[in-house]
Amino acid sequence: MMPGGPRDWTTTFDIVVPTTGRPSLGALLAGLTDVGARRITVVDDRVEGGRLRVPAGVELLRSGGRGPAAARNVGWRAGGPSRWVAFLDDDVQVGPEWGERLVEDLELLAATAGASQGHVRVALPHHRRPTDWERNVAALQDARWITADLCVRRAALASVGGFDERFPRAYREDADLALRLMNAGWTLHRGARAVEHPIGRAGPWVSVAKQAGNADDVVMDALHGRDWRERAGAPRGRLRAHLATTALGATALGAALAGRPRAAGALAAGWGLATGELAWRRIAPGPRTRREVATMAATSAVLPVAASFHHLRGRARARARSLEREPSLAPRPARRPAAVLLDRDGTLVVDVPYNVDPERVVPVPGARRALDRLRASGVLLAVVTNQSGIGRGLMSADELAAVNERIEALLGPLGPWLVCPHDPDAGCGCRKPRPGLVLEAASRLGVAPERCAVVGDIASDIQAAGAAGARGVLVPNERTRAEEIVAAPEVAGDLDEAVDMLIGAP
């Protein structure tokens with residue numbers, strides 16, 4: 001755990017920072033030294049390159065250049081146990097009180113709150129008017145649900161499958177997540193905390209390169225309908241004007257090639273007027289230096305063509321992939337299970353190897369509350385546990401039964417107990433990660449395996465679930481390996497959060 005941890009388990013948080021290795025990353029990580037995060041993860045999204053240098057205590061993972069959505073998924077799925085995941089961009093800076101302000105924001109949220117967004121502050125120059133690029137960055141101050149500083153409840157992320165990895169750029173993947181969270185019944189809130197977003201250097205053609213986002217807008221149309229901008233608080237932009245300008249220019253060129261000079265001249269004049277209007281709209285509020293005016297004039301001639309190209313490319317891609325019938329590349333949210341099958345040691349009770357003494361049984365924190373919620377919801381329960389101590393001759397069946405009776409005395413009825421007593425070398429079909437225990441539990445409960453969820457603390461529990469066709473939720477503890485957490489399809493910070501993911505927050 002990082003120093004200065006949060007005051008309450010309900011406000012514990014991890015931090016995930018996707019990066020392409022920008023120099024600004026170092027300043028951000030220096031500011032995160034003592035913010036109270038349980039875990040800080042940097043996800044290197046470069047395709048290649050040497051290992052990034054990060055401070056001690058910061059975990060470094062790689063996502064292979066698949067984009068910020070995929071990088072964030074790698075980061076949050078590797079985390080836990082924390083209730084919240086705070087996503088920060090690698091070009092923001094946090095102040096010394098950011099962590100405290102985040103906890104204060106989270107303390108105000110109800111159980112149905114799915115996310116809290118911080119404010120983004122951009123310092124514009126005071127001695128002159130801002131350039132077009134500077135105004136573009138400053139627009140982040142009014143943007144809604146952007147991942148420059150967005151803290152999301154882990155259970156909410158799991159309920160919608162995380163970020164949709166079809167968004168390859170740092171554009172619209174955050175608005176898509178926000179809409180899916182709201183559609184799933186979670187509420188989104190703006191907190192009081194803030195981060196600083198310095199204005200980095202950009203080349204003269206950056207505005208043209210940014211038009212690639214028009215392809216992502218087409219994906220948003222397909223996934224969320226034409227009114228998604230109003231629901232996400234996103235401005236409509238100038239796509240229609242860009243399409244009209246491009247059409248004028250293309251038609252003028254066609255008329256010239258067809259030997260129709262008058263028509264070509266009239267159409268070219270229309271293109272010139274539209275291009276001039278766009279250039280002046282960008283020049284007027286700026287510093288109007290010779291360099292800025294030249295840049296705006298040149299890019300305004302190309303920008304509508306780039307916007308139109310990317311829009312049409314996005315539409316072709318949408319038709320080819322039938323996006324309406326393929327809602328997300330993130331895992332689809334699983335439906336509520338009919339039965340929950342629970343591992344014993346490390347999941348329900350503190351792991352005491354080969355325990356034969358009922359007095360040494362200690363439930364994990366919050367286990368009784370979580371189980372009471374499951375029972376009250378009508379979900380069936382069972383226990384699936386490997387107990388090789390019997391096969392090794394370290395305990396008897398009667399001693400095991402006495403310990404299990406003590407567990408039920410402390411935690412309440414748990415349904416049928418399915419136990420594998422065999423030595424690991426016995427080659428049986430019931431020892432997890434084989435599916436035997438899960439299949440037998442489902443049969444005893446009269447539930448199809450695919451309507452069951454298995455909750456455990458190590459990979460063999462999740463692998464047994466997958467082998468049986470059941471849902472698997474990992475609840476890590478100190479003995480859970482990092483690679484097991486990364487590989488798990490769903491990860492919860494504790495049993496209570498696992499129940500949130502399975503049946504919904506109370």
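The values are calculated or read from the model by the stated rules, or taken from the named source; none is laboratory data. These numbers were taken from a predicted model, which means no experiment stands behind them. Cβ sites come from the backbone with ideal geometry, for glycine too, and all protein chains shown count toward neighbours. The protein model used for the area step is the full one, side chains on, heavy atoms only, and it has no ligands, DNA or RNA in it. Shrake-Rupley method; radii C 1.70, N 1.55, O 1.52, S 1.80 Å.
Under the Karplus relation 6.51 cos²θ - 1.76 cosθ + 1.60, θ = phi - 60°, what is the ordered set of whole-Hz ³J(HN,Hα) values for the range 147-152, x standing for Gly and Pro?
Values per residue, Gly and Pro as x: 8, 4, 7, 9, 9, 10 Hz.
If you take the square roots of the eigenvalues of the alpha-carbon gyration tensor of the range 117-228 and sort them as a ≥ b ≥ c, do you get rounded (a/c under 1.5), prolate (a/b over b/c) or oblate?
In terms of gyration-tensor shape, oblate.
State, to one decimal in nm, how far the label point of residue 262 lies from the label point of residue 336, with both points 7 Å from Cα in the Cβ direction.
Each label point lies 7 Å from its Cα, and together they span 7.3 nm.
Place the peptides 468-480, 99-111 in order of packing, highest mean first, counting for every residue the other Cβ atoms within 10 Å and averaging per peptide.
468-480, 99-111
First measure r as the distance between the Cβ atoms of residue 315 and residue 34, then evaluate 1/(1 + (r/R0)^6) with R0 = 56 Å and state the FRET efficiency to the nearest 0.05.
Computed FRET efficiency for residue 315 and residue 34 comes out at 0.70.
Counting DSSP beta bridges with both partners in the chain, what percentage is antiparallel, nearest 5?
20 percent
Kirkwood Rh over Cα pairs of the range 404-443 into Stokes-Einstein at 10 °C, 1.306 mPa s: D in µm²/s?
139 µm²/s
At a 10 angstrom cut-off on C-beta neighbours, averaged per residue, how do the peptides 229-240, 307-318, 19-30 rank from highest to lowest?
307-318, 19-30, 229-240
Under the rule that a partner needs its Cβ under 4.7 Å from the first Cβ, which Cys of the chain have none?
Lone cysteines by the Cβ rule: 151, 428, 452.
Where does helix 397-411 land angle-wise versus the long Cα axis of the chain, in degrees 0 to 90, nearest 10?
Once rounded, one gets 50 degrees.
Percentage of Cα-Cα pair distances in the chain greater than 29 Å, rounded to whole percent?
58 percent
Which of the peptides 127-139, 209-221, 372-384 is most tightly packed, and how do the rest follow, going by the mean number of other Cβ atoms within 10 Å of each residue?
Order by mean packing, descending: 209-221, 372-384, 127-139.
Roughly how many debye, to the nearest 20, is the charge dipole of the chain about its Cα centre, given +1 on each Lys and Arg Cβ, -1 on each Asp and Glu Cβ, and no other charges?
The calculated dipole for the chain is roughly 2900 debye.
Over the chain, with the other protein chains present, what is the accessible area per residue in square angstrom, probe 1.4 angstrom?
I get 45 Å² per residue for this part.
Contour minus end-to-end for residue 127 and residue 423, with contour as 0.36 nm per residue of separation and end-to-end as the Cα-Cα distance?
98.9 nm
Using alpha-carbon pairs under 8 Å, 6+ residues apart, how would you state the relative contact order of the range 1-122 in percent?
So the answer I get is 34 percent.
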